[in-house]
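Quick notes on the structure that follows.
The values are calculated or read from the model by the stated rules, or taken from the named source; none is laboratory data. Values in this document were obtained by computation on a predicted structure and should not be read as measured data. Every residue, glycine as well, gets a Cβ built from its backbone with ideal geometry; the counts of neighbours run over all protein chains shown. With ligands, DNA and RNA removed, areas are computed over all heavy atoms of the protein, side chains included. Shrake-Rupley method; radii C 1.70, N 1.55, O 1.52, S 1.80 Å.
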Amino acid sequence: TVIRKDIIDDDVVNLIRKYSSDNKILIILNRVEKAIETYLKLREITTDILLLHSRFTYRDRRRKEEILEILHKNKKNLIFIATQLAEVSLDMSFDYLFTEVAPIPSLIQRFGRVNRYGNLTENVNVFITYPSEIQTTKKYPYDKDTILRSWNILKEHGETKSEYELLGHILSGELKLEIGNIDVEIDNYLKKWMKDTGFMYTVDLTDEEMNKILKFRDTNTVLVLPK
């Protein structure tokens, strides 16, 4: 379900507090700074709260992942706060997900962290919030127009039973296709792609396009290799 507020808004924090009793909650933010800010605001709810993002060193990240596995296995209530890295590197299931709006493919990945083993649920278990700072932050991990488009799609369709239902709405609506014709269109696209590229999967980017992809953080980072 869509919540038209920022994830650190008091109303959303109170909702997280409500569901945190005897539940495992995953919170995914789009920016490291926002993840840290959210962690600092929520850590008063429970001592079983963990923060993980891409700027931790490999050793610290592995240690946190080990702690997460222990907490997830042995605790009834847990709040885990992460950035986009949780979309692909997290092989565990949570009871509830609170996430900032992101491109639809990213959201579908995030939805997969909840109810991972297909248990039936009658309650809403995914809450999507809107990042208030998106209009003022100079550098954002996602294109702002893409975020707005995702937000409008979510508002239009309201509550959905699964990511498959959401994807079906998008494909049938955006492509103006009947569901039965989608596989045909995808197959035609892949054939054209392979013909045009000669099976060579490369992308030609200008310096400007590459900078747009790489320079999205508010601060510079440095990778140091030990001797």
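Could you grab me the full set of residues in region 114-124 that are more than 11 Å from residue 2 (Cα to Cα), at pLDDT 65 or above, open to solvent by less than 60 Å² (accessible area, probe 1.4 Å) and part of a loop (DSSP other than H, G, I, E, B)? Step through it out loud before you land on a result.
From region 114-124, those more than 11 Å from residue 2 (Cα to Cα) are 114-123; that's our starting set.
Those left that are additionally at pLDDT 65 or above: 114-116, 122-123.
Subsequent filtering for residues that are open to solvent by less than 60 Å² (accessible area, probe 1.4 Å) retains 114-115.
Scanning region 114-124 gives a single hit, 115.
What is the residue count in region 16-73 for residues that are free of Cβ contacts under 8 Å to residues at least 40 places away in the same chain, part of a helix (DSSP H, G or I), touching a Leu at 6+ places or on another chain (Cβ under 8 Å) and among the hydroxyl-bearing types (Ser, Thr, Tyr)? If you could, list the steps in order and put the result at the bottom.
Within region 16-73, the subset free of Cβ contacts under 8 Å to residues at least 40 places away in the same chain is 17-18, 36-37, 40-54, 56-71, 73.
Checking which are part of a helix (DSSP H, G or I) leaves us with 17-18, 36-37, 40-42, 58-71, 73.
Adding the requirement that they be touching a Leu at 6+ places or on another chain (Cβ under 8 Å) leaves 36, 61, 64-65, 67-68, 71.
Then drop every residue that is not among the hydroxyl-bearing types (Ser, Thr, Tyr), which leaves none.
Residues flagged as free of Cβ contacts under 8 Å to residues at least 40 places away in the same chain, part of a helix (DSSP H, G or I), touching a Leu at 6+ places or on another chain (Cβ under 8 Å) and among the hydroxyl-bearing types (Ser, Thr, Tyr) within region 16-73 amount to 0.
Considering only residues that are within 22 Å of residue 138 (Cα to Cα) and either crowded, with 16+ Cβ neighbours inside 10 Å or more than 20 Å from the chain's Cα centre (by Cα) (or both), which ones fall in region 6-22? Please lay out each step first, then the result.
From region 6-22, those within 22 Å of residue 138 (Cα to Cα) are 6-9; that's our starting set.
Listed by number, the residues that qualify are 6, 7, 8.
Just checking, which of 77, 115 is over 13 Å from the mean Cα position of the chain (by Cα), at positive phi and not acidic (Asp, Glu)?
Numbers: 77 fails: at positive phi.
One residue alone meets the criteria, 115.
I'd like to know if region 127-136 contains one or more residues that are free of Cβ contacts under 8 Å to residues at least 40 places away in the same chain and under 11 Å from the mean Cα position of the chain (by Cα).
Keep residues of region 127-136 that are free of Cβ contacts under 8 Å to residues at least 40 places away in the same chain, which gives 134-136.
Imposing the further condition that a residue be under 11 Å from the mean Cα position of the chain (by Cα) reduces the set to none.
For region 127-136, residues free of Cβ contacts under 8 Å to residues at least 40 places away in the same chain and under 11 Å from the mean Cα position of the chain (by Cα): absent.
Looking at 56, 98 in this structure, which one is at pLDDT 85 or above and open to solvent by less than 20 Å² (accessible area, probe 1.4 Å)?
Numbers: 56 fails: open to solvent by less than 20 Å² (accessible area, probe 1.4 Å).
Result of the check over 56, 98: 98.
Okay, residues lined up against (1) modelled with pLDDT under 90; (2) open to solvent by less than 30 Å² (accessible area, probe 1.4 Å); (3) not hydroxyl-bearing (Ser, Thr, Tyr):
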position: 70; (1), (2), (3): no, no, yes
position: 74; (1), (2), (3): yes, no, yes
position: 79; (1), (2), (3): no, yes, yes
position: 83; (1), (2), (3): no, yes, no
position: 89; (1), (2), (3): yes, no, no
position: 105; (1), (2), (3): yes, no, yes
position: 111; (1), (2), (3): yes, yes, yes
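Quick check: anything in region 23-45 open to solvent by 20 Å² or more (accessible area, probe 1.4 Å) and closer than 14 Å to residue 125 by Cα?
Going through region 23-45, the residues open to solvent by 20 Å² or more (accessible area, probe 1.4 Å) turn out to be 23-24, 31, 33, 36-37, 39-41, 43-45.
When the remaining residues are screened for being closer than 14 Å to residue 125 by Cα, the result is 23-24.
There is at least one residue in region 23-45 that is open to solvent by 20 Å² or more (accessible area, probe 1.4 Å) and closer than 14 Å to residue 125 by Cα.
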